[in-house]
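Below is one structure, written out as structure tokens; comments come after it.
The values are calculated or read from the model by the stated rules, or taken from the named source; none is laboratory data. Bear in mind the structure is a predicted one, so any value in this text is a computation, not a measurement. Cβ placement follows ideal geometry from the backbone for every residue including glycine, while neighbour counts extend to all protein chains displayed. Note: areas computed on protein heavy atoms with side chains; ligands, DNA, RNA excluded. Shrake-Rupley method; radii C 1.70, N 1.55, O 1.52, S 1.80 Å.
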Amino acid sequence: MTEEILRVENLNKFYGDRHILHDINFTLHQGEVLTLLGPSGSGKSTLIRCLNGLEDFSSGAVYFKGEKIKPTDKNWQEIRQKIGMVFQSYDLFPNLTVMENILLAPTKVQKRAKDQVAQEAEGLLKDVGLEKYADSYPRELSGGQKQRIAIVRALIMHPEVMLLDEVTASLDPEMVRGILQIMTKLSKKHHMTMIIVTHEMGFAEQIADQVLFLEDGRILENTPGKAFFAQPKTERARDFLESMDF
Amino acid sequence: MEHSVINVLFVGNNFARIMQGLWTSVWISVDSLAAGLVLGTLLGILRTLPSKPLRFILRLYLEFFRIVPTIVLLYLVYYILPRSFNISWPASWMAILAFALWVAAEFSDIVRGAIESVPVTQKESGLALGLSKTQLFRYVLLPQAVQLELPATINLATRVIKTTSLLMMISIMDVIAIGQQIIEANNQKYPTAVFWIYGLIFILYFIIDYPLSLWSKKLAAKENR
Ligand SMILES: Nc1ncnc2c1ncn2[C@@H]1O[C@H](COP(=O)(O)OP(=O)(O)O)[C@@H](O)[C@H]1O
Ligand SMILES: [Mg+2]
């Protein structure tokens with residue numbers, strides 16, 4: 001068995017008195033890709049944001065490499081350097097150039113030498129075909145380009161796991177494929193451990209080692225990827241796949 | 001008539017004295033803006049922190065300076081403060097103190113508003129990269145806030161410059177006070193002096209404030225686009 005990266009134990013989350021996540025349990029191992037599927041409002045974003053402390057949870061625990069994370073600001077700040085996250089809305093910093101966006105966290109947070117990080121950044125930019133845009137500002141880029149930069153900005157921290165929340169959802173269709181290819185390459189070539197929330201079912205089927213199917217804040221299925229798409233166990237999951245035209 | 005213009009404005013060192021007075025107004029504005037912006041930035045940041053008592057006190061501070069007319073403020077620092085605390089600073093320092101505290105109050109609100117209007121997703125993506133709260137402020141929120149607050153800041157600057165016209169009330173020889181002296185000296189011979197002097201002062205204030213006002217309008221228009 002490969003090393004355990006993340007484990008979630010009996011996690012519950014409330015907003016006020018609304019119970020949003022019910023007793024979530026799962027484990028993610030090194031190199032695995034977990035896709036988080038489920039209808040809109042089922043709690044996918046909330047769950048993924050609990051994993052890097054952007055949301056606090058009401059009870060339960062998250063373990064990173066076997067160690068229970070004490071949910072203090074300071075601890076989360078430490079651990080976030082190991083847990084990369086990319087959002088639907090890219091959220092590049094508009095006051096910084098592409099290169100400055102990429103260099104900010106490694107040089108300020110990890111205190112790595114600027115010229116070395118810059119060299120690595122150039123390599124990563126080349127990988128995503130944007131080496132010419134190092135000195136551009138985010139507003140000069142298309143959505144797809146911004147999202148590629150956001151991925152590079154997360155990768156340069158050398159995370160042990162990446163959380164990707166609907167990263168193609170606000171892109172024009174012709175931009176989507178490029179981003180999906182980047183994620184596929186991350187998994188297949190670099191064996192990056194990832195949790196992916198997506199509505200691209202074809203992509204999910206192809207990349208998922210494990211599928212969590214969420215509805216109303218409950219895990220209805222926790223199934224190996226191939227099995228889930230070949231034959232979902234629950235009626236609800238079957239309906240969901242059908243509604244996604246799959 | 002032209003005769004009286006020349007006699008009033010350019011006789012002796014009248015024009016030089018007016019410029020001297022203008023200079024006094026300008027450097028008092030610049031100094032109090034500089035001090036007020038620094039203090040106001042600090043207070044503005046503090047006002048975005050979760051502590052309720054702190055926010056309440058700073059809010060009180062802001063409201064105080066909003067409600068109390070500037071002229072009362074000037075009297076306060078010029079007549080009351082020195083007596084009750086035994087401070088004997090020159091009037092211009094006291095004026096800078098009053099103006100700087102006022103600017104800090106107004107600017108703290110501008111800074112708070114700007115920081116709060118940076119989208120929450122910017123904070124989250126910064127935190128997700130492992131930035132500390134301080135780093136988040138320093139590299140992400142403040143630079144974006146500065147852009148957002150620029151028009152309102154320039155606006156505040158024009159208000160400060162205009163308000164320096166009250167300085168003569170605490171016997172500072174600003175442009176208005178000197179103008180007044182010249183008018184009084186010429187009242188007998190040239191009754192129209194008052195027009196020329198105030199006309200000139202009007203133009204001088206206009207020359208300083210109008211470009212600032214234009215700049216702020218242009219920035220605001222750019223932001224709305
Ligand atoms: N800040 C919030 N305050 C209150 N309720 C929220 C908040 N964020 C999300 N929710 C609720 O939590 C539920 C799960 O939302 P979310 O995790 O965004 O779902 P998904 O990502 O699967 O679409 C929804 O019912 C949503 O209305
Ligand atoms: Mg979501």
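Which ones in the stretch A:57-96 are within 16 Å of ligand 2 (Cβ to nearest atom) and open to solvent by 30 Å² or more (accessible area, probe 1.4 Å)?
Of the stretch A:57-96, the ones within 16 Å of ligand 2 (Cβ to nearest atom) are A:85-91.
If the condition is that a residue be within 16 Å of ligand 2 (Cβ to nearest atom) and open to solvent by 30 Å² or more (accessible area, probe 1.4 Å), then A:Gln88, A:Ser89, A:Tyr90 are the ones that fit.
Residue-by-condition table, conditions (1) more than 24 Å from A:Lys65 (Cα to Cα); (2) within 16 Å of ligand 1 (Cβ to nearest atom); (3) free of Cβ contacts under 8 Å to residues at least 40 places away in the same chain; (4) open to solvent by 10 Å² or more (accessible area, probe 1.4 Å):
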{"site": "A:Leu171", "(1), (2), (3), (4)": "yes, no, yes, yes"}
{"site": "A:Ile182", "(1), (2), (3), (4)": "yes, no, no, yes"}
{"site": "A:His191", "(1), (2), (3), (4)": "no, no, no, yes"}
{"site": "A:Ile196", "(1), (2), (3), (4)": "no, yes, no, no"}
{"site": "A:Gln231", "(1), (2), (3), (4)": "yes, no, yes, yes"}
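With respect to A:Glu78, determine if the residue is farther than 23 Å from A:Leu171 by Cβ and at the interface with chain B (Cβ under 9 Å from one of its Cβ atoms). Talk me through it step by step, then tell me what you get.
On the way: farther than 23 Å from A:Leu171 by Cβ: yes; at the interface with chain B (Cβ under 9 Å from one of its Cβ atoms): yes.
Spelling it out, A:Glu78 is indeed farther than 23 Å from A:Leu171 by Cβ and at the interface with chain B (Cβ under 9 Å from one of its Cβ atoms).
Please find, among A:Leu212, A:Leu171, A:Leu163, A:Leu180, the residue that is farther than 30 Å from A:Phe14 by Cα and either touching an Asp or Glu at 6+ places or on another chain (Cβ under 8 Å) or modelled with pLDDT of 95 or more (or both).
Values: A:Leu212 fails: farther than 30 Å from A:Phe14 by Cα; A:Leu171 fails: either touching an Asp or Glu at 6+ places or on another chain (Cβ under 8 Å) or modelled with pLDDT of 95 or more (or both); A:Leu163 fails: farther than 30 Å from A:Phe14 by Cα.
Matching residue, one of A:Leu212, A:Leu171, A:Leu163, A:Leu180: A:Leu180.
Considering each residue of the stretch A:126-156, count those that are assigned to a loop (DSSP other than H, G, I, E, B), within 21 Å of A:Arg112 (Cβ to Cβ) and in contact with a Pro (Cβ under 8 Å, 6 or more places away or on another chain), and give that number.
Final tally of qualifying residues: 1.
With A:Tyr90, A:Tyr63 as the choices, which residue is in contact with a strand residue (DSSP E or B) (Cβ under 7 Å, 6 or more places away or on another chain) and either part of a strand (DSSP E or B) or within 11 Å of chain B (Cβ to nearest Cβ) (or both)?
Values: A:Tyr90 fails: in contact with a strand residue (DSSP E or B) (Cβ under 7 Å, 6 or more places away or on another chain).
Only one candidate qualifies: A:Tyr63.
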